[in-house]
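Chemist: Take a look at the following structure, please.
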Amino acid sequence: HFHPLTFKMAAIAQISSVAAIGARVAAVSNGSRTNMMQVWKIEPKYETFSFLPQLTQAELAKQVEYMIANRWSPCIEFAYPGSATILGGSATTVGQGEPMYYDNRYWTMYKLPMFGCTNAQDVIYEVENCKKDFPGTFIRVIGFDNIRQVQTVSFIISKP
């Protein structure tokens, strides 16, 4: 059996303790500049790192060195702006019963994959050649794992 007055007093005590906690919570900060935060802008999405500023040659070299260390073969691909985005322009085409399908997933390969590549500077040299040969295009570096027979990495390194 519970006494109605005891129940009412417990409820009042709980409300007053919540109010005291609420007063303390208002002064809590997560340590960052929350007034500087904003929502994600709706922009076309491309590949890994596409939300970052363009990679420098030193940053690109580190990524390629990682690929080489894992025995992945670098390859350079390019695409013109109209066919580079996942959205493919104004709308996404999603196939019925085809999970993870999206338009523009295939880009044009610039030369053959660099099988046996051991020097990141060779890849950077070819990226620069691709920029000269196909100005105004998106360029990405992908890596192939010849053991698993899959693409293991892909990232945009140049935007028009």
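The values are calculated or read from the model by the stated rules, or taken from the named source; none is laboratory data. Please read these numbers as outputs of a predicted model, since none were measured by experiment. Note that each Cβ is placed from the backbone with ideal geometry, even for glycine, and that neighbours are counted across all protein chains shown. What goes into the accessible areas is simple: the full protein's heavy atoms, side chains included, and nothing from ligands, DNA or RNA. Shrake-Rupley method; radii C 1.70, N 1.55, O 1.52, S 1.80 Å.
Chemist: I'd like the residue in the range 109-142 that is in a loop (DSSP other than H, G, I, E, B) and of a type in the set (A, V, I, L, M, F, W, C) and, out of all such residues, is surrounded by the most Cβ atoms within 10 Å (Cβ to Cβ).
Modeler: Residues of the range 109-142 in a loop (DSSP other than H, G, I, E, B): 111-119, 134-137.
Filter again for of a type in the set (A, V, I, L, M, F, W, C), leaving 112, 114-115, 117, 134.
Details: L112: 9, M114: 21, F115: 10, C117: 18, F134: 17.
Filtering first and then ranking leaves M114.
Chemist: Pairs, please: C-beta under 9 Å, at least 6 apart or cross-chain, first residue at negative phi and in contact (Cβ under 8 Å) with a residue 24 or more places away in the chain and in the range 128-149, second open to solvent by 90 Å² or more (accessible area, probe 1.4 Å) and not in a loop (DSSP other than H, G, I, E, B)?
Modeler: As it stands, the answer is I142/Q151; G143/Y66; G143/Q151; F144/Q151; D145/Q151, since those pairs meet every condition given.
Chemist: Restricting to the range 151-160, name every residue that is of a type outside the set (S, T, Y) and either open to solvent by less than 60 Å² (accessible area, probe 1.4 Å) or touching a residue at least 12 places away in the same chain (Cβ under 8 Å) (or both). First the steps, then the outcome.
Modeler: From the range 151-160, those of a type outside the set (S, T, Y) are 151, 153, 155-157, 159-160; that's our starting set.
Of everything in the range 151-160, those that are of a type outside the set (S, T, Y) and either open to solvent by less than 60 Å² (accessible area, probe 1.4 Å) or touching a residue at least 12 places away in the same chain (Cβ under 8 Å) (or both) turn out to be V153, F155, I156, I157, K159, P160.
Chemist: While we're on this one: Filter the range 58-87 for residues that are touching an Asp or Glu at 6+ places or on another chain (Cβ under 9 Å) and open to solvent by 70 Å² or more (accessible area, probe 1.4 Å); which is farthest from I139 (Cα to Cα)?
Modeler: Only one residue fits best here, namely R71.
Chemist: In addition: Tell me yes or no: at least one residue of the range 47-60 is of a type in the set (D, E) and at pLDDT 65 or above. Don't jump to the end; show me each part of the working.
Modeler: Residues of the range 47-60 that are of a type in the set (D, E), as a first pass: 47, 59.
Subset that is at pLDDT 65 or above: 59.
Looking through the range 47-60, at least one residue is of a type in the set (D, E) and at pLDDT 65 or above.
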